[in-house]
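Rule-based calculations on the coordinates, nothing more; no lab input. In this text, all values refer to a predicted model and were calculated from it rather than measured experimentally. Glycine gets a Cβ as well: all are built from the backbone with ideal geometry, and neighbour counts include every protein chain shown.
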Amino acid sequence: MIPTASSKTKSFRKWLRFLLVLVLLCGGVWLLQVCQPVDKPQLVSTQGRVFEKATVTSIVQDNLQEDGSRVGDQIVMLQLKDGSTVEANCPNGLLFGTVAQPGMSVIVISSTVGQLSLHTVYNVDRTWPVYGFIAVFLALLRLIGGRKGVASAVALVLTFSCFICFFFPMILRGMPPILAALVTAAVILGATLYLLNGWSAKSGAAFAATIGGIVIACLSAVIFGQIAHLSGYNVSNIENLMFVAQNTLIDVGQLLFAGILFASLGAVMDIAMDVTSAYSELVRHQPDLTRQQIFQAGMNVGRDVMGTMAATLILAFFGGSLGVWVLDYAYDLPYLQLINSNAVCIELMKGLSGSFGVIFTIPLAALCSAWLYGRKKGVSEKQ
C-alpha cells in the first residue's frame, strides 16, 4: 500500500511531537542538574586507582594443580592500551578475577602508591559482549516491531535516563524513596505511553489505571511490612546500605517498597494497555455502546489476562531469588523457620503485592476507559 500525503503528514506530525517531548525532557534534566547539582559523597577512596583495559600476553606463574583444581593466584603479563607491558596479579575467585589465558582481554586495576605501581586483574572485559547483546535486542525490536519497536527502544532509553537523572538525585537530596519512585514512574509512564500511542483516550485511561495500580501495589507492600515487621532494613545487603545511609540522606528503609513499585510498573502498565486497547477497538466498531457495557466488556478482557499477568510477576520474583529458594530446600529448613525468615517473607511480599496491583488495575482501567470513551463518544449511561 502506497502511503498517501495525509498519512505522511500525520507521521511527520507524530515524530515532530515526539522530538518536542524529547527536547523538553532533556532540557528539564539539564536545568535540574544545573540548578540543583547533586553532591555525591566519596564513600570509597579512588585516589591513585584506575580501571583500564589490557590484554594478557603471557602467563608467568599458573595456579593449575595436578588434579585440575586451581589454588592461589596467577601471575600474568599484560599489555595496556598505551602499549606498556606490566606484571599483574590475577585472583582466583568466583566474583573477582578470572582464569587468564594469553590473548584474553581483561579489565585491570592499576594502583599507584608513591613510587610503587600495582596491577590486579579485575575481570574479563565484557564490554563488547554487552554492547553486542544490546544491539541484537534493539535490532530485533526494529525488525519485528517496526516503528513501534523503535518507539519502545526510545522509551527504554528514557526509562534508564529517568532513573539516573530523576530518581537517584531525588533520593540523594533526601526525598522519600517511595515518593521519588512514584514521581519517576509517572514520568516513565507518560513518556512510554506517548511514544507508543500518542495523546489519546486510550493513553489517558492507561495512565490513570497504571498509576492507581502501582500505588496499590506499593501500599499493600507497606501495609504487609507494617503488620509483619518488615522493611528495607531486613534485606540481605543491609550492611552496605547502612554505610550509604550514614553518609547520605537516603532513607534505605523505603528502598524495598520503592523497588516493588518499579517492579510492578511493567506488568501493571501491560494489563492496563490490554484493557484500554480492547476498549478502543470495541468502541471504534460499536460506537453506540453504553458506559456500563464498555465497563463490563473491559472486565471480561481483564479477567482473561489477569491470571497470566499475576503468574508472570510472581515467577519473575521467584526466578530473581531462585538461589534463596534452592538453599532453603537443600537445607530442609523447618516450616516455622522458613515461613518466618526475612528472605522468604520479603519475596512473598514482592510477588503478592505486585499481583494486587495487577488485579486492581483491571477495574481501574475499566472505570477510566468507560468514563473517557463514554464522554468522548457522547454515549449516555443506562439508568
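Zone of Ile107 (label point 7 Å along Cα→Cβ, backbone N under 11 Å): which residues in segment 45-82?
51-53
Rounded, prolate or oblate for segment 207-285? Axes are the square roots of the Cα gyration tensor eigenvalues, ordered a ≥ b ≥ c, and the cut-off for rounded is a/c under 1.5.
Working: a/c = 4.13, a/b = 2.79, b/c = 1.48.
Prolate.
Multiply the residue separation of Val244 and Gln292 by 0.36 nm, subtract the distance between their alpha-carbon atoms, and state the gained length in nm to one decimal. Before the final figure, lay out each step's value.
Values: separation 48, 0.36 × 48 = 17.28 nm, distance 5.21 nm.
Gain in length upon complete extension: 12.1 nm.
Efficiency by 1/(1 + (r/R0)^6): what FRET value for Ala316 and Ile164, r their Cβ-Cβ distance, R0 = 25 Å, to the nearest 0.05? Please list the in-between numbers first.
Working: r = 23 Å, r/R0 = 0.92.
The pair Ala316/Ile164 has a calculated efficiency of 0.60.
I'd like to know which of Gly93, Phe51, Ser105 lies farthest towards the positive end of the charge dipole of segment 49-125, counting +1 on Cβ of Lys and Arg and -1 on Cβ of Asp and Glu.
Final value for the positive-end residue is Phe51.
What FRET efficiency, computed as 1/(1 + (r/R0)^6) with R0 = 25 Å and r the Cβ-Cβ distance, is obtained for Phe51 and Val71, rounded to the nearest 0.05? Intermediate values should be presented prior to the final figure.
Values: r = 27 Å, r/R0 = 1.07.
For Phe51 and Val71, the calculated efficiency is 0.40.
What is segment 49-125 by shape, rounded, prolate or oblate, if you read a ≥ b ≥ c off the alpha carbon gyration tensor as root eigenvalues and call it rounded for a/c under 1.5, prolate for a/b larger than b/c, and oblate otherwise?
Working: a/c = 1.83, a/b = 1.62, b/c = 1.13.
Prolate is the answer for segment 49-125, as a/c is 1.5 or above and a/b outweighs b/c.
Roughly how many Å is it from the Cα centre of segment 99-119 to that of segment 165-210, as a whole number?
Each part's Cα centre sits 43 Å from the other's.
Can you tell me the relative contact order of segment 49-125? Whole percent, Cα pairs under 8 Å, sequence separation 6 or more.
On the way: 184 pairs, mean separation 25.6, N = 77.
The value is 33 percent.
Quick one: work out Rg over Rh on the C-alpha atoms of segment 148-377, Rh as Kirkwood radius. Could you put the intermediate results ahead of the total?
Working: Rg = 19.4 Å, Rh = 18.9 Å.
Checking Rg against Rh, the ratio lands at 1.03.
Give the aspartates and glutamates reachable from Lys53 as a straight Cα distance under 12 Å; neighbours fewer than 8 places away on the same chain don't count.
Asp82, Asp125
Ranking Met175, Met242 by Cβ neighbours within 10 Å, fewest first, what do you get?
Numbers: Met175 17, Met242 12.
Ranking Met175, Met242 by Cβ neighbours within 10 Å, fewest first, gives Met242, Met175.
Express in nm, to one decimal, how much length is gained between Arg142 and Ser84 on full extension, taking 0.36 nm for each residue of separation and deducting their alpha carbon distance.
Details: separation 58, 0.36 × 58 = 20.88 nm, distance 4.23 nm.
Computed gain between Arg142 and Ser84 is 16.7 nm.
Determine, for Val76, Val71, the number of other Cβ atoms within 10 Å of each Cβ, and report the residues in order from fewest to most.
Working: Val76 26, Val71 9.
The order, fewest Cβ neighbours first, is Val71, Val76.
If the only charges are +1 at each Lys and Arg Cβ and -1 at each Asp and Glu Cβ, what is the size of the charge dipole of segment 148-377 around the Cα centre, to the nearest 20 debye?
Working: 10 positive and 10 negative charges, 190 e Å.
Magnitude of the dipole: close to 920 debye.
To make sure I understand, if each residue's beta carbon is the centre and we count other beta carbons within 10 Å, what order do Phe133, Phe356, Phe318 fall in, fewest to most?
Values: Phe133 11, Phe356 21, Phe318 16.
Exposure proxy ranking, most exposed first: Phe133, Phe318, Phe356.
Which of rounded, prolate or oblate describes segment 49-186 when judged by the alpha-carbon gyration tensor and an a/c cut-off of 1.5?
Numbers: a/c = 2.62, a/b = 1.80, b/c = 1.46.
Verdict is prolate for segment 49-186.
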